[in-house]
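The values are calculated or read from the model by the stated rules, or taken from the named source; none is laboratory data. Given the structure is predicted, the values throughout are model-derived calculations rather than measurements. All Cβ positions, glycine included, derive from the backbone under ideal geometry; neighbour counts span all protein chains shown.
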Amino acid sequence: MLNYVIRRLFYMVPIIFCVMVITFFLFFGLVNVETMARTQLPPRASQAAIENWLHQRHYDKPLYLNMPGVQRYQAGQPFYDSLFFANIYDLATFNFGDSLATNRHIVTMFKEGAIPSLLVTAPAFFLSLVLAVSFSLFLVYVRASKLDAVGTIFCVMLMSIPVIVYVIICQWVLGNLLRYFPAYGFSLHGFDAARFLALPIAVLILNELGSDTRLYRAIFLEEVRADYVRTASAKGLSPQVALFKHVLKNGMINIITLTVAALPTLILGTLVLEDFFGIPGLGSLSLTSIRTTDYTVVRAVTYAGSLLYLLGLLLTDICYALVDPRIKLK
Amino acid sequence: MGRRSRDLSLLLVLLSLLLGLAGCDNNPNAAPWQAKHADGSPWVVSYRAFPEDPRTLDPQVAYDELSHAIIYLVYDTFLTYNPLKTDYELQPDLASELPVMETQPDGSLDYLCKIKPGTYFIDDPCFPDGKGRELTSADFYYTWQRMADPKTECPIVSNFSDFVKGLDESMAAAAKAGHFDYSAPFGAITVVDRYTFRINLKKPYPQLKYWLAFPFTTPVAREAVDYYDGKEHDGVVRDRFRVHPVGTGAFKLAEFKSQHFIRLVRNDRYNSLKFPTGGWDPAQEKALRPYAGHSLPIVDEIQYNIIREIIPSWVLFKQGWLDATTLTKDTFSAAMDANHQLNPDYQKRGMKVVKNVELMTWYFMFNMRDPVLGKNAKLRQAMSTVFDTQKENEIFYNGLYVMAQQFLPPGLFGYDPNFVNPYRQTSVEKAKQLLAEAGYPNGIDPKTGRPLQITLDVQAGSGTERQAAEYEQSQFEQLGIRIKIQENLFSAMLEKQLRGNFQFVLAGWSADYPDPENYFNLLYSKSIPPDGYNESFYSNPEYDKLFEQMSTMENSPQRLAIIQQMNQIITDQCVIAPLYNQVTLGLLQPWTQRVVVNGYVSLFGGPRYSVLNDELRNQERAKLNAKNYWPLIIGGILLAIVVGVGIRIGRKRDA
């Protein structure tokens, strides 16, 4: 098992390197550093101010290689004294530097943003798992009835609505018309936090519920038709017990393996939702940095997102290996 | 029976859980810093919204509106604008009197500046014993040094170096040495005594007084800059100076949670400014008279919620949780009726509309180096004449914007309300005639025999921006010419404008300070990029001469005459085609008053003068936020029915 994990980690190294190179191209290859400076400085910044801005951030270096003839060549410096190598080194050492727009330390910004993001995504993740499993079991329980059909239609309906519509409807109905919850805002103080989190969590659950239920229903239906369930029924086990004890258990193996990939990315939060509900998490940080052309923060988010995604894939593979003995860990 | 009661109780638990959550308060605002004053009088909080974080609270660095909004309140500027005047009259703030330009016996020029004694920095651990010390002229000396320090990254210091002595030398020395030597002689400021200093000038620079009303030149305490270095000391990581202001302003920064919330609390020691004693609109006499001569600030605390989206901020405003809001295109239709009047519902509530004509002009900017447009004034005149601005205003801006006839926006010295631009009176016929005179009869290029093609570069944006570009295209194409719309990313657009790699674009200029020089500089030949932002690449020796003359003059009839001449040149040659002056609309809750009469001036610490009726606010909020529980009960019952039916179906099949 350990061998397998280590091998998988090694496989990730070239992928991560590719991610670094692509991130560099996206943020330095396509955008001139001078333009980057201009987007941050006042509209009438002088050339001297731009040069100083670049100098203070060590951006006054050649792009790929420090060689005679290239722009911003620095005589006396080694060939690797370039933006490209500095960028790879920074990403490899998780030294994301400071935000261009606010000059705050990016790692601190990440630490501050992770908690609010997790406060929304983690409860929503687990609650929607529980709700979708319950709902799908209910549909399996009433399978092939009219209620099942209605439920399925309902799920398809839930699936078809984009998240922004849920946001607006929930905010309008629950926040504006019924006024059960604050329409916007955030707090970290105990029960006060729950007031603010209820709406965004509800929206996330609504957004997930339809597709998850459809998927889990399919998984459970397959299990229900399996031979061992028929054997159990033949031996006199009541359908409820067969459903809750055996079908649920076996179905959950598939479900957990499917959902575990999403776990690491929970920390990144949700883009639009956080923005609309005022959750000061990493999702809204990403969106704000895109709006303010804060390249260093967007770069850090992109890189961290890729790493977390890779981690999710790794977790999935390990889960498969753990729960299904048929997968040999060679 | 047992199973059924278990189901029932489960439902009851669920329902009560929902009810419990729904029973909670929907107030999104944080609790006040203090419940009451020590003497039992109410502690009044003003609730406002910000669309995003201020970028920095370092006065020498900040240049964006949001950062400035906070900096004006926690720091104080040397001069400030009179809150009740619309003509940008400056008055002393930290100063004891307006600075005067002097000529020394040796012929050198300077501004003599005097500060009020008895102004104190707020208490802060950066000072010995944590007690704020008095502000002196040495603080101004240090602040100007700090501006010249490359590490500070003051973005406008090079604009000053043309006019203020000593900056270039100090900056060059710092660049050479790799650090700024604060003990070296510094020529920009001369400290005369504890409360008097001189700003030494290379040449007259009347615009300097506007810069003295800006945060860039606001004094900071060296103790604070050195103390808040963002590093670890004795196991504690200190803030960076840019998030930890230590000022002399009307408020202190109590909390700053990035992306979320800012809280300012009154500075009891503040005494630089008082509430005006008169001069307001007579209609406000009753509301404002009680505050005449009152010490500032009037409110005890300001809370800024960072609200990035329009819908939630509109919802919170409607519920009374925000004291004011800005109307956007999206909320305009919700707040106003078809005749652009406030909706009767909101009128009944007592809400007030606030209209601001901004110091901003939108215009078509022609590239004067372009071989087609740059050399042909008649062609530019034709394009300017054919364009129907009023229609565009109605379609895209709710008819709100002010139609512009000239480069300068209303309110600036030199703006002529009666000026009629002959090429901004929309007429397709006249435009066609001009086009024929330009050598393109019916829009046909005689060289190719095909319609003349011109490219309009626009920044890629939302659907509305694209629609506006299409409208503009259709307007010009009435002439028979072809307009190609080229969409660009922000960075590409910037690049093109700086390199002169375009034919014409839609441009907007928002005044940095209320002086016409700020506008006319955009067409000055020495401001052609990379030296400045003359992105029309206009170069006219006659205009340059006039500009050089007017830029160093104080406002006077002579200056006005020169400005009129310059305006005439711009108009005749049609270097730009002025379109609109931007207008913003705000809505005020019935419990607030508009005190500062001008939108631009209110950016300069306007909330210091904010007044509001707390009692009325509490009553209104209670009315606006009453709750209704029946939808919840109906929802619960429906859920119970569905579950019950399901259980029955299942059981029937199993039986």
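Values computed for the structure shown
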read-out	value
B:Ala324 vs. criteria of a type in the set (A, V, I, L, M), surrounded by fewer than 22 Cβ atoms within 10 Å (Cβ to Cβ) and either under 30 Å from B:Phe275 (Cα atoms) or within 14 Å of chain A (Cβ to nearest Cβ) (or both)	yes
Top-ranked residue in the range A:140-173 [being among the small types (Gly, Ala, Ser) and in a helix (DSSP H, G or I); ranked as farthest from A:Leu271 (Cα to Cα)]	A:Ala149
Boolean, A:Leu137 is of a type outside the set (Ser, Thr, Tyr), part of a helix (DSSP H, G or I) and within 30 Å of B:Phe256 (Cα to Cα)	no
Positions within the range B:563-617 being within 30 Å of B:Gln503 (Cα to Cα), more than 21 Å from the chain's Cα centre (by Cα), of a type in the set (A, V, I, L, M) and surrounded by 21 or more Cβ atoms within 10 Å (Cβ to Cβ), in sequence order	B:Ile563, B:Met566, B:Ile570, B:Val575, B:Ile576, B:Ala577
Residue within the range A:204-227 that is free of Cβ contacts under 8 Å to residues at least 40 places away in the same chain, hydroxyl-bearing (Ser, Thr, Tyr) and in the same structural domain as A:Asp275 (by TED's automatic domain parsing) present	no
Residue in the range A:59-78 that is part of a helix (DSSP H, G or I) and either touching a residue at least 40 places away in the same chain (Cβ under 8 Å) or over 18 Å from A:Arg291 (Cα atoms) (or both) present	no
Near pairs, Cβ below 8 angstrom, 6+ apart or cross-chain, from the range A:6-20 (outside the structural domain of A:Thr302 (by TED's automatic domain parsing)) to any residue that is loosely packed, with under 15 Cβ neighbours inside 10 Å	A:Met20/A:Ala92
Of all residues in the range A:150-162 being surrounded by fewer than 17 Cβ atoms within 10 Å (Cβ to Cβ) and of a type in the set (A, V, I, L, M), the one that is nearest to the other protein chains (Cβ to nearest Cβ)	A:Val150
Test set (1) within 14 Å of another protein chain (Cβ to nearest Cβ); (2) farther than 30 Å from B:Glu89 by Cβ; (3) over 22 Å from the mean Cα position of the chain (by Cα); (4) not in a strand (DSSP E or B) - B:Gly187 fails condition number	(1)
Residue list for the range B:383-434, filter: among the aromatic types (Phe, Trp, Tyr) and either out of contact with any Ser or Thr (no Cβ under 9 Å at 6 or more places or on another chain) or part of a helix (DSSP H, G or I) (or both)	B:Phe396, B:Tyr397, B:Phe413, B:Tyr415, B:Tyr423
Filtered residue count, the range A:243-272, keeping only those that are in contact with a Gly (Cβ under 7 Å, 6 or more places away or on another chain) and crowded, with 24+ Cβ neighbours inside 10 Å	2
Qualifying residue in the range B:574-582 (condition: part of a helix (DSSP H, G or I) and touching an Asp or Glu at 6+ places or on another chain (Cβ under 9 Å))	no
Top-ranked residue of the range B:384-400 - restricted to ones that are within 28 Å of B:Ile562 (Cβ to Cβ) and touching a Leu at 6+ places or on another chain (Cβ under 8 Å), ranked as surrounded by the fewest Cβ atoms within 10 Å (Cβ to Cβ)	B:Thr389
Every residue from the range B:113-128 that is within 18 Å of B:Pro245 (Cα to Cα) and outside any loop (DSSP other than H, G, I, E, B)	B:Tyr120, B:Pro128
Residues satisfying the stated conditions in the range B:393-433, i.e. modelled with pLDDT of 90 or more, more than 16 Å from B:Gly480 (Cα to Cα) and of a type in the set (D, E, K, R)	B:Asp416, B:Arg424
Any chance A:Ala101 is over 23 Å from B:Ser258 (Cβ atoms) and either more than 8 Å from chain B (Cβ to nearest Cβ) or part of a loop (DSSP other than H, G, I, E, B) (or both)	no
Members of the range A:169-181 found to be of a type outside the set (Phe, Trp, Tyr), in contact (Cβ under 8 Å) with a residue 12 or more places away in the chain and either within 7 Å of another protein chain (Cβ to nearest Cβ) or touching a Phe, Trp or Tyr at 6+ places or on another chain (Cβ under 8 Å) (or both), listed by number	A:Gln171, A:Leu174, A:Gly175
Out of B:Phe490, B:Phe502, sole residue that is surrounded by fewer than 19 Cβ atoms within 10 Å (Cβ to Cβ) and touching a strand residue (DSSP E or B) at 6+ places or on another chain (Cβ under 7 Å)	B:Phe490
Any chance B:Lys257 is more than 28 Å from B:Ser295 (Cα to Cα) and more than 22 Å from the chain's Cα centre (by Cα)	no
Test set (1) touching a residue at least 40 places away in the same chain (Cβ under 8 Å); (2) farther than 28 Å from B:Ile306 by Cβ - A:Thr292 fails condition number	(2)
Any hit, the range B:226-247, residues being without any contact (Cβ under 8 Å) to a residue 12 or more places away in the chain, within 22 Å of B:Tyr304 (Cβ to Cβ), within 14 Å of chain A (Cβ to nearest Cβ) and not polar (S, T, N, Q)	yes
Residue satisfying all of: in the range B:275-326; of a type in the set (D, E, K, R) and either in contact with a strand residue (DSSP E or B) (Cβ under 6 Å, 6 or more places away or on another chain) or in contact (Cβ under 8 Å) with a residue 60 or more places away in the chain (or both); farthest from B:Val611 (Cα to Cα) among these	B:Arg308
Helices (runs of 4 or more DSSP H) contained in the range A:210-324 and holding at least 2 residues within 12 Å of chain B (Cβ to nearest Cβ)	A:271-277, A:282-291, A:295-323
Subset of the range B:190-223 (residues that are closer than 19 Å to B:Asp168 by Cα, of a type in the set (Lys, Arg) and in a loop (DSSP other than H, G, I, E, B))	B:Lys202, B:Lys203
A:Tyr184 in a loop (DSSP other than H, G, I, E, B), within 24 Å of A:Ile115 (Cα to Cα) and within 14 Å of chain B (Cβ to nearest Cβ)	yes
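This table checks each residue for (1) out of contact with any Gly (no Cβ under 6 Å at 6 or more places or on another chain); (2) within 17 Å of B:Asp53 (Cβ to Cβ); (3) at pLDDT below 90.
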residue	(1), (2), (3)
A:Glu274	no, yes, yes
A:Thr288	yes, yes, yes
A:Asp294	yes, yes, yes
A:Val298	yes, yes, yes
A:Thr302	yes, no, yes
A:Ser306	yes, no, yes
A:Gly312	yes, no, yes
A:Thr316	yes, no, yes
A:Tyr320	yes, no, yes
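Condition check ((1) away from chain A (no Cβ under 14 Å); (2) touching a Phe, Trp or Tyr at 6+ places or on another chain (Cβ under 6 Å); (3) crowded, with 18+ Cβ neighbours inside 10 Å; (4) not in a helix (DSSP H, G or I)) across all residues:
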| residue | (1), (2), (3), (4) |
| --- | --- |
| B:Asp110 | yes, no, yes, yes |
| B:Gly132 | yes, yes, yes, yes |
| B:Cys154 | no, no, yes, yes |
| B:Met171 | no, no, yes, no |
| B:Ala175 | no, no, no, no |
| B:Tyr182 | yes, no, no, yes |
